[in-house]
1. Return the total of residues in the range 37-95 being at pLDDT 85 or above, small (Gly, Ala, Ser) and over 18 Å from the mean Cα position of the chain (by Cα).
2. Condition first: outside any helix (DSSP H, G or I), among the small types (Gly, Ala, Ser) and on the phi < 0 side of the Ramachandran plot. Now tell me which residues in the range 1-32 satisfy that.
Amino acid sequence: MERVDVSILGRDYSMACESSEKEALLAAVRLVDQRMLGIKGSGKITGNERIAVMAAIQIAAEFLAMRSPDGPLGQVAVGEFKQRLENMHRQLDLVLPEAAATGSLL
């Protein structure tokens with residue numbers, strides 16, 4: 001486990017995560033912080049707890065909209081989606097060194 005220090009809405013937090021998950025954690029922290037700063041900046045909601053709840057609801061609503069039957073991930077199971085990404089990565093790992101060696105990346 002790796003210790004990661006982050007700041008959300010001006011408050012510092014220490015978290016632990018696997019090294020392989022650090023970038024995803026930092027991206028999530030950035031998303032939450034940006035959303036909370038936007039809500040705070042609107043001036044309509046005060047209090048960090050209320051701001052955090054509103055940010056969580058917004059993020060959850062976006063996630064659920066993506067998973068709805070009409071959303072872009074509506075018909076795709078998360079495991080299947082991850083498998084497709086892993087397959088694409090494997091294919092790129094095979095093709096990119098070859099393309100770089102022949103100079104056909106451009």
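The values are calculated or read from the model by the stated rules, or taken from the named source; none is laboratory data. This is a predicted model, so every value here is computed, not measured. Note that we place each Cβ from the backbone using ideal geometry, even for glycine, and neighbour counts take in every protein chain shown.
1. 4
2. Within the range 1-32, Ser7, Ser14, Ala16 meet the criteria.
Residue-by-condition table, conditions (1) without any contact (Cβ under 8 Å) to a residue 40 or more places away in the chain; (2) surrounded by fewer than 14 Cβ atoms within 10 Å (Cβ to Cβ); (3) of a type in the set (D, E, K, R):
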{"position": "Arg11", "(1), (2), (3)": "yes, yes, yes"}
{"position": "Val32", "(1), (2), (3)": "yes, no, no"}
{"position": "Gly43", "(1), (2), (3)": "yes, yes, no"}
{"position": "Asp70", "(1), (2), (3)": "yes, yes, yes"}
{"position": "Ala77", "(1), (2), (3)": "yes, yes, no"}
